[in-house]
Amino acid sequence: MIKYTVQRLFALLLTLWVILTIAFLVIRLMPGSIYEDTDLPPRLLETMEARYQLNEPMIVQYWYFVQNIARGDWGTSIAIRVSVPVWEVLYSRIPVSLLLNLLSLFISLPIGILAGILAALFQNRRTDHAISFAVVLFVSVPSFVFATLLQYTLAFRFGWFPIVYSTSPGGTPYWWSMILPITALALGPIARVTRYLRGELIETISSDFMLLARTKGLTVFQATVRHAMRNSLLPLANIIIPMFTSILTGSLVIERIFAIGGVGGLLVNSLNANDHPLTVAILVFYSLVSLLTILVVDLSYGLIDPRVRVGGSKNE
Amino acid sequence: MLLYIRKSARILALSVLFGTLFLGHAWGGGGQEAAPAQASVGDAPSETGSGMLRLTVGRPLETLNPHQQAATDTADFLNLITGKLYRFAPGPGGVGFEILSELAAAPPVPVDDEGTVWRITVRDDALWANGEPITAEDFLYSWQMVMDPVLLNHRANAFHGSQVQVVNALEYVVGDVSWDDVGIDLIDDSTFEFTLILPVTEFMLMNFFSNLSVSLVYPPLYEAGMNADRSTTNYGTDVDRMVSSGPFMVDSWRQGSEYTAIKNPNYVFADRIWLAGVNNRVIAESGTVMQLFERGEVDFVELSDADFQRFREDPRIIEVPARSVQRIVINLLSTDKPILQDVRFRQALFFATDRATSASVSSTIPANYIIPTTHVMNVDDGTLYRNTPEARAILTPNLGYDPDLARELFDAAMADAGLDTLSLQLAYHEGVEARRAVSEYLQQHWNQVFGGRLQISLQAVPSSQLAARLREYPNNNNAFDLGWTGTGHDDFNPVSALAHYYSGTARRKGPYFSDEYDSLYETVLAMPIDDLQGRLELIAEAERVMLEDASFVPVTQGLGFGLASDRVEFMSDGWSIALRYGWKWARIVD
Amino acid sequence: MSSDKNSPDVYDEQYSADDFEFIHADDVLADEDFKDPAVGYFQDAFNRFKENRASVAASWIILIIFFMAIFGPEMNDFGFNEQNPDLRNMPPRIEWLRPIGIATGNRQLERRRVEFFEDEERYPAGSIIRVRNRLTVNNVEIADVLVDYYAYRGVEHSFWFGTDYLGRDYWTRLWRGSRVSLAIAIISVLTNLLIGIVYGAAAGYYGGTADMILMRICEVIEAFPRVVIVTLFILFFGTGLFSIIMSLVVSGWIGTARLVRAQFYRFKLREFVLAARTMGVRDSVIMFRHIFPNSVGPIITRTMFAVPLAIFTESFLAYIGLGLQAPEPTIGVLLSDAQAVLLNYPYQSLFPAIVISLLMISFNLFANGLRDALDPTMRGVK
């Protein structure tokens, strides 16, 4: 297990390097200059571009790029927050997104799991239909429509909640202003977890070991929670991966509608503003988050389901 | 159809009238009229002002360093907090405007007859927001730093990029000469002497020094923020890394979501600032802003096309004419589609464009010209360039829409090229709804005018990429077929609208080459500054040459609309909002 | 497969004396032939699917939407790109619904100047239905006025679902948009399925180094957020069908691949696989004949869920401005355009929202039913 973990960590670093290289290539190949909106004389433009070695051949630029990163120098933002080190820009935006998404995940996981179990236990009965309908409703309306409707009705028409997210942390108004965005964020994950768990459980409930469990006197509920759940958690991990990733990467749509200054729209903005160093940093950050979650989930496969021998070849 | 032409014509007439009104009053000896009623708030503003003006912006603040800013929203905010030599303010009685000598002691003084050497004396009683005196050295430092050849700021071109061109400014930035050779000299404790390449008027110089890029930075913090090789400074990257010197000072800056300025009690004209502060909330979603406005939580909202249709007759509506003409650049270098090189084909597109309908589907005004209506020809009497007989004479009738002529030109060009049908691609800004609506309209309209022989496919492109694509022509002749663009210019100098098409300008949005045009432009730049009539004729001639060559098809001029809440009382007749200068002089009546 | 096993309910049947007869000792004793036709895997699944009424209803809705997507745009005289710049944003009007107050073609104009109400040129005779909320702002008298918008604009014919910002018929655009969205979804989902199954099977079955490498490739691809992938495709290939489908495909198959891989991990060490291998069956046969059928249920379910998800993603892309090439509509394009004018022309959001919701709901219910029906462990169970 330890050997495997170390192997995977090395692989992770290698993957990161590949990503870094692709990011570099892709961004340098994009049309557009750092100095987009200025009518500069040709000589000045040359001088300014030389500052970022944009006049050198690609391979030389790549060498500078790798050298700088090896030294821990990721550069400063060019357009989004001028002259601020790129990681600082990211740090300043992450906490809000993290808070909102964590809260919404804390809400949605238990609700989703509970609803999934209920739906599976009462398969094709009224409870199941009610839950399935709600689930389908939550996943069927795009989040920007849902968020706009929530905002329009509950905040604008009835005035129960603030229209936008409050910018001054702490106090009741602040937490109050988080309810709508968190709700809008949680609906999708709740629905996804419920739906997936229901499906998995229904499959497991009808298997032999569940019959055995029932035979030894467990109730359906006990059997489901103690035996079936364990089997269903493995595929559920597949569903939870993207959720963990979105915790750190934020939600573009919700943050836009509720005016939350999070990390959600940063990538698109920096891409559009030709803020190359920031774009690279965000890409690397996103990759790191998703790679780490995948790693954690993979490693936990063996813990959740002992039948899985991680990394085993076909003959093992 | 008739209905629409009439309506657009009305909008056009309104905006022109509006333009003439404010500028006409500005220098026409206005001020006799009574000042607006001010009883509700008191006769003079208090030390800290009263009432917070609540605005929204689309994008987060990028910096507080005036040497680095690029975005309009950022410029609006920096204009509140940085001190300048001169500043635009509402004219006496709220009519027209005047230029205040803010940190300068008096208007510039000419030294020679040509208008190329000027002296400006700075005030000796002005203070930074932290209470320290503002000195001439502070200005000298700020100007030297903006042009610094190692820092290479975004605004490094400040002393070279307009008609006001300081001797050796460009050469200093690119590292050819030393600072001593630059035409900015401090001749005593408080007087600067500027040596310029081109002649300018007093007004042009004051207008120039009201720019953000030549405003103040606080030297101790600018210096303290330098890195080891002095290639970058963290000045203005946070609230405590800068010091304000304008009418307001920075109070807070929450990353990505909100920033606020409060009244600066040390400001020279603090007795003219009524507001306690200005709050900017970052909200990208226009629907959200509209809801906040309707619930009275923000004081101003820019109206989308749909919202404008809804509030069309609301008395609170404010017109904001945009300062650029939206036009379709034709790639006349294209080797894939050589017909684009044919002037008849380009003219066919020009005459096939129904600008009245284009304007009505996008809530804009039709434009068959290149220099927008906002340009002032004569700053002494406020004459707008577009209202002069010379500028009117070059315009084609019926807003340049003549389908028969268009077909004739089209047929001739197509016959010579041996083409039966033609497909072209029109690139437009992704996310700009008005532009997409006009593009979709023109796609169908052109197809109808040319009897189905011209197929246009539309392509949405992120705006930075669109600009880049139009600029790619020196390296790639086929980067685009047709593409939208629009450029803003200095309102008080129509010549600035011409610079963009001059072949000596580096980063032009799209190819355009004409020796005739270039020589006209060079002539007008070098002309004696007081020969207004001569300049006017040459500018009109240059515009005519451009229109005739039809390397781009002007379609509309933006016309924004806004709603301001009842609690805001403007200290001027509306021009200031149009030019985005006016907020700071407003009052809040709760 | 033949039905060689007796299903349990055979024993439950009541036999009467008539069912038995005497025979001679030298007669050949033979079982009676089964009269019931053999029930195959899919027949069996179909039988169980029919029992699930919600799923059956869902399949009908899907069929109806497909029908409308194919024939809806031809049902009236307007083309999807036929513009009427004079008739922008007309409200919906359906003649036979007017008496009950739906789709009346009326619209409330807010904050209009009272002084113009008498002006026949602005408000043609009979166009004003009701005036209310009179108030005076900045010395101007204004009021909200409910007008018969068709009379107000002098239009004779009805637009069933109203028109959009260029005066295009919304009914036609809605179904045209559904057609394009469905096409995008189906093409991308099928492509994902194909890639995902082969890739996942290989990774899961071979394991070890092959799995390690294959999964790292997945991670590299996944590490690029979808927004970046779309943006890049649009930069290099422009907006349009290709960019959208590719951005759904580039990372979309990874989910299926992971699912298949997990299923393979689950089954590859089971006895029946070992048995097959012992008998020298080829790897590809083991993979696709022996292990894969166990994953069919989850895969089909996933595919059915993926169709609405693709439509959903497409609408998200449209919302952030990376939609299809104008003037071609998709559900997402219509929805994101409408969201911007939700407060002004709510009907423009309503129709695409209903269609996308119906699609999502019915595809999901359909998938649920299918999933239960295809579950091999449920075989034969009523």
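Only residues that are of a type in the set (Gly, Ala, Ser), touching a residue at least 24 places away in the same chain (Cβ under 8 Å) and within 14 Å of chain A (Cβ to nearest Cβ): list them for segment B:433-477, please.
B:ALA460, B:SER463, B:ALA467
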Regarding segment C:231-239, can at least one residue be identified that is at pLDDT below 75, touching a Phe, Trp or Tyr at 6+ places or on another chain (Cβ under 9 Å), more than 10 Å from chain A (Cβ to nearest Cβ) and part of a helix (DSSP H, G or I)? no
C:LEU109 meets each of (1) closer than 21 Å to C:SER349 by Cα; (2) in a loop (DSSP other than H, G, I, E, B) with one exception, condition (2)
Among residues belonging to segment B:69-115 that are assigned to a loop (DSSP other than H, G, I, E, B) and free of Cβ contacts under 8 Å to residues at least 60 places away in the same chain, point out the one that is farthest from B:SER142 (Cα to Cα). B:ASP113
Away from chain C (no Cβ under 14 Å) and under 24 Å from A:LEU187 (Cβ atoms): does that describe A:PRO85? no
Selection from segment A:141-195 of residues that are farther than 30 Å from A:ALA120 by Cα, assigned to a helix (DSSP H, G or I) and not aromatic (Phe, Trp, Tyr): A:THR148, A:LEU149, A:GLN151, A:THR153, A:LEU154, A:ALA155, A:ARG157, A:THR172, A:PRO173, A:SER177, A:MET178
Output the residues belonging to segment B:394-429 that are buried (at least 18 other Cβ atoms within 10 Å of the Cβ) and free of Cβ contacts under 8 Å to residues at least 40 places away in the same chain. none
Within segment C:129-145, is there a residue that is more than 10 Å from every other protein chain (Cβ to nearest Cβ), over 21 Å from B:LEU563 (Cα atoms) and surrounded by 18 or more Cβ atoms within 10 Å (Cβ to Cβ)? no
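Identify all residues within segment B:406-457 that are small (Gly, Ala, Ser), closer than 24 Å to B:ASP549 by Cβ and more than 38 Å from the chain's Cα centre (by Cα); write none if there are none.
Residues satisfying the conditions are B:ALA412, B:ALA415, B:ALA417, B:GLY418.
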Please verify whether segment C:269-292 includes one or more residues that are under 16 Å from the mean Cα position of the chain (by Cα) and either modelled with pLDDT of 85 or more or over 30 Å from B:GLU294 (Cβ atoms) (or both). no
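Do the conditions hold for C:TYR205, that is, is it away from chain A (no Cβ under 11 Å), farther than 24 Å from C:LEU241 by Cα and crowded, with 20+ Cβ neighbours inside 10 Å?
Numbers: away from chain A (no Cβ under 11 Å): no; farther than 24 Å from C:LEU241 by Cα: yes; crowded, with 20+ Cβ neighbours inside 10 Å: yes.
Answer is no for this residue.
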Quick one: is B:SER257 over 30 Å from A:VAL164 (Cα atoms) and either without any contact (Cβ under 8 Å) to a residue 12 or more places away in the chain or buried (at least 21 other Cβ atoms within 10 Å of the Cβ) (or both)? no
Of the residues that make up segment C:308-317, is at least one outside any helix (DSSP H, G or I), closer than 30 Å to A:ASN269 by Cα and within 14 Å of chain B (Cβ to nearest Cβ)? no
Got a sec? Which helices (runs of 4 or more DSSP H) wholly within segment B:150-256 have at least 1 residues that are more than 23 Å from B:VAL109 (Cβ to Cβ) and in contact with a helix residue (DSSP H, G or I) (Cβ under 7 Å, 6 or more places away or on another chain)? B:169-173, B:219-224
Please enumerate the residues belonging to segment A:282-301 that are buried (at least 23 other Cβ atoms within 10 Å of the Cβ) and more than 12 Å from the chain's Cα centre (by Cα). A:ILE282, A:LEU283
What are the pairs with Cβ atoms under 7 angstrom where one residue, in segment B:292-315, is at the interface with another protein chain (Cβ under 10 Å from one of its Cβ atoms) and the other, located anywhere, is in a strand (DSSP E or B) and acidic (Asp, Glu)? Sequence gap at least six, or different chains. B:ARG310/C:GLU110
Subset of segment B:495-532 [assigned to a helix (DSSP H, G or I), within 14 Å of another protein chain (Cβ to nearest Cβ) and among the aromatic types (Phe, Trp, Tyr)]: B:TYR521
So B:LEU332 fits all but one of (1) of a type outside the set (Phe, Trp, Tyr); (2) out of contact with any Leu (no Cβ under 6 Å at 6 or more places or on another chain); (3) in the same structural domain as B:LEU349 (by TED's automatic domain parsing); what number is the exception? (2)
Report, by residue number, each residue of segment B:400-432 that is among the aromatic types (Phe, Trp, Tyr) and either on the phi > 0 side of the Ramachandran plot or away from every other protein chain (no Cβ under 14 Å) (or both). B:PHE410
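The values are calculated or read from the model by the stated rules, or taken from the named source; none is laboratory data. Predicted, not measured: the structure shown is a model, and the values here were computed from it. Every residue, glycine among them, receives a Cβ derived from its backbone with ideal geometry; neighbour counts consider all protein chains shown.
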